[in-house]
Each structure stands twice: as structure tokens, then as C-alpha cells.
Amino acid sequence: MADRLNGTRILILETREEAQFSKLLAEQGAEVVQCPMFTIEDAPDPAPVEAWIRRGIDRPFDDLVLMTGEGLRRIMKLARARGLDQALVASLAKSRKFTRGPKPGKALREIGLEAQQTTEKPTTEGVIEMLGKLDLTGRRLGLQLYPDKDHSALTGALSAQGAEVDTVLPYVYDSKAADANIVAAIDDMAKGRIDSIALTNLGQVRRLIETAKTHGSEAKLRAGLERTLIASVGPAVSGELAAQGLRTDVSPADEAYFMRPLISAMATALAERKPSTAR
């Protein structure tokens, strides 16, 4: 149903799919307050990424593990710039493909490929659990990583299973430029100007806390979150909230960890709350 979020102000921290998320919320009548946590940039040195692409073309990986959809899109962007995209897609078609959650699977479908298996939990631990059931002895495994994460547990587990792990990090985060916007968003929550904050990855939770600490606003952030409906897209985000001593008010049901189910859950929860009067 349209207009379920009329009269509400929703804070979103989404960066990768900000435009889509904003559009879906606006279609339901919400006023969207956008506050990207960081900007995403190509790897400053493309040479290691290009070398990984060429290795994958020359000797197709037995297995490909994609941690993010953004990662595959950045790899394909560079491959197209080098005239290697068709050769890369043909090579990846020969690999068994595994994804951390549904977003990398969507990116695969954009180039005409399908994942053989997706984690039940969109977390690194979920990837380790999924691949732990396989015999990787002697297999060449291409592993796409993402920034600001210690991946040693994952690479160590795969190596211990006998895989020859070949990693690539195709993009980086630039977070400093967003600090002022984050502090302003914290102020809005503290003043009761936000009805709900929608969190779509665990990095957003960490970034909120880190920025608040840096700018002396952690107490204000926690006070603001006390009066704001906290919406989590799934267990990874909810787990990080709990680790930070924060609650989850609403999350999609039936393991539907996507934007539309999240919006539906938010609409239901906000309809049960008294309208916010502070604007």
C-alpha cells in the first residue's frame, strides 16, 4: 500500500544503493533524510585489481567467493576499461560461485551469471560456515574482499581447508567528508526530528559510534537513538547493534533481508507509535 509512511521522517545511511532506497521510501510517503556514511572510491592503485582479473582469465578460478555486490561491479568496471570484460565473464562462468548474502548474487545476474550457493547469514561467519562444508583441497579460489574489515579469519579458514586463496580489494571508503553530515543527523535524532533510522549494514552502526566518539557526541547519539525507532535489515546489523549496547526495534520477518520488507516492517511499527510532535 502506498502512503504508509506519510508524515514520517526516515534517516538513511545507505551509500551503495542510496537512490533506490530513497525512492522506495518516498513512494510510501516518507520524508527521507539522507546521510551517507562514506563515499566509495575505486582502489587507488588499479594494478593489483587488474592483475587479479588477468590471473582469473588466464587460469579460471575453481571457486569464486564474492563478499559484496559493489566489489564485483568495481571489478567489472575496470575490466571494461581494459577491454577484458567479456573474457572475464567467460572465465567466471567456469567457476563455482558463492556469495555472502543476496547482493553479490544480484551483481552476478547483471552479467548473466548465477551463484551456486548463497550464505544463509550474510556475514563473514556465514561464508566460513558455508564453505567449511566443502572440500577445497588444491582448488584455486578467487576471493573478493571489502574495506575496513579484518579478513584474516576467512582467509585463514580457507587456507586451512587446502584452498589456494587469491584475494582482491577493488574499492576503498572515504569517510572523512561525511563526518559533518553524521554529526548533524545525530543532532536531529537527539532533538526528536527523526522518526526512524534505517540501518542496512553493520558498518553503518560502527561508523555512527566512531564518529560520535570522535566529535564528543556519543551521549547525544545514544539519547537520540532512545527516542528513535531503530530498524535493522537483518541479523548482521542487529548483532552489531547489540554489541554496541543498542537495541533493534524492528527487522524484516521470515529472513527477508531486503529493502522492501524492511520498509514494510518500519511502516507497521511506526503506525503503532504515537506521531512525533517535535519537528
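The values are calculated or read from the model by the stated rules, or taken from the named source; none is laboratory data. From a predicted model like this one, the values you see are computed outputs, not experimental measurements. Neighbour counts run over all protein chains shown; Cβ positions are idealised from the backbone, glycine included.
Can Lys213 be described as more than 21 Å from Val32 (Cβ to Cβ), in contact with a Phe, Trp or Tyr (Cβ under 9 Å, 6 or more places away or on another chain) and surrounded by fewer than 17 Cβ atoms within 10 Å (Cβ to Cβ)? Step through it out loud before you land on a result.
Values: more than 21 Å from Val32 (Cβ to Cβ): yes; in contact with a Phe, Trp or Tyr (Cβ under 9 Å, 6 or more places away or on another chain): no; surrounded by fewer than 17 Cβ atoms within 10 Å (Cβ to Cβ): yes.
In short, no.
Here's the yes/no breakdown for (1) of a type in the set (Ser, Thr, Tyr); (2) crowded, with 22+ Cβ neighbours inside 10 Å; (3) in a helix (DSSP H, G or I):
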site: Ile40; (1), (2), (3): no, no, no
site: Asp45; (1), (2), (3): no, no, no
site: Lys77; (1), (2), (3): no, no, yes
site: Phe98; (1), (2), (3): no, yes, no
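What about Ala107, is it assigned to a helix (DSSP H, G or I) and free of Cβ contacts under 8 Å to residues at least 40 places away in the same chain? So Ala107 does not fit the description; no. Take the residues in segment 100-117 that are over 18 Å from Met76 (Cβ atoms) and at pLDDT 95 or above; name whichever of them is surrounded by the most Cβ atoms within 10 Å (Cβ to Cβ). Only one residue fits best here, namely Gln117. Across segment 203-230, the number of residues qualifying as in contact (Cβ under 8 Å) with a residue 60 or more places away in the chain and within 17 Å of the chain's Cα centre (by Cα) comes to 4. All of Arg9, Arg54 fail the test of being within 21 Å of Leu169 (Cβ to Cβ), touching a Lys or Arg at 6+ places or on another chain (Cβ under 9 Å) and surrounded by fewer than 21 Cβ atoms within 10 Å (Cβ to Cβ), apart from Arg54.
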